[in-house]
Every structure is written in structure tokens, then in C-alpha cells.
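Input: a single structure, listed below in C-alpha cells.
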Amino acid sequence: MYSLYPSSIPTIFVTPTPFQPNWQDRDPRVTKQYGETTKALAHDLGCSVVDSQKEFEGRDLGPLLSDGLHLKPAGYEIIFQALMGVIRKAHPELAPENLPMAFPSWDDHDMREWAGRKNEKRK
């Protein structure tokens with residue numbers, strides 16, 4: 001599979017999210033086909049997938065969509081939680097809690113020591 005990223009970074013597919021019934025000229029059957037094709041392609045390529053249709057199933061879409069199609073923050077939260085679930089299950093080494101820190105954590109420092117050095121430079 002061609003990728004712009006190193007092979008150590010896995011590809012995770014996300015199926016199309018649902019939309020409000022009768023939203024303009026969109027047909028939910030076509031969106032479902034896209035979703036099924038996305039899942040089949042992910043399977044064929046050995047990739048993980050977030051099934052958005054399944055994640056939104058049985059939910060009231062009104063509070064989750066801004067205009068009947070695009071997600072509101074609450075809708076994005078559902079996708080985010082599902083994506084984090086896939087990462088933690090299929091790629092646990094990439095879960096945020098398992099990644100090394102690029103810089104020391106803010107609470108790894110004694111700020112009194114830093115303040116003392118700063119005051120010494122002023123003298």
C-alpha cells in the first residue's frame with residue numbers, strides 16, 4: 001500500500017458518518033454501500049476500521065449533526081472515542097498513554113529551582 005507515512009504508522013479507515021433522513025439528495029443506501037466497501041477494503045489491506053454507522057446506530061442524530069450532515073462536537077466525540085478504542089485494541093503501542101514524551105512533563109520540574117536561577121541572573 002502506498003503511503004506518505006512510515007510503514008510503522010498503521011492506516012485506520014473510517015466509514016462515512018450517517019446523516020439526517022431526507023438530507024438534500026443523499027441516499028442512505030449509497031452511504032451504507034460506501035461504508036461496506038470501506039470495511040471490505042480495510043479488511044483486504046489488513047487495516048483497522050472505525051464503523052461510524054455502527055457507532056451512531058440508535059442515536060438521535062439531531063444533537064450530533066450541525067446541519068443534518070456535518071458533525072457537531074458531540075458527534076466528533078463519538079468518532080474520537082471509537083478511534084481511540086480501535087487504537088487501544090489493534091495498536092496499543094500507539095495509545096497516548098503508551099507513547100514516550102517528547103519533552104519532560106510540566107510536573108517533572110521543581111519550579112522553585114527555576115525561579116531561583118532566574119532571580120540570580122537579574123542580580
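Descriptive notes on the structure:
- Maximal additional length on extending the Ala95-Trp23 stretch stands at 22.3 nm, based on 0.36 nm per residue less the C-alpha distance.
- Spatially close lysines, pair count over the chain: Cα under 20 Å, gap of eight or more or interchain: 5
- With every protein chain in place, the chain: carbon and sulfur % of accessible area (1.4 Å): 56
- The figure for Glu93 is an accessible area of roughly 110 square angstrom, using a 1.4 Å probe on the protein chains alone.
- A probe of 1.4 angstrom, applied to the heavy atoms of all protein chains, finds His109 with accessible area near 100 square angstrom.
The values are calculated or read from the model by the stated rules, or taken from the named source; none is laboratory data. Just so you know, these numbers come straight off a predicted model, no measurement behind them. What goes into the accessible areas is simple: the full protein's heavy atoms, side chains included, and nothing from ligands, DNA or RNA. Shrake-Rupley method; radii C 1.70, N 1.55, O 1.52, S 1.80 Å.
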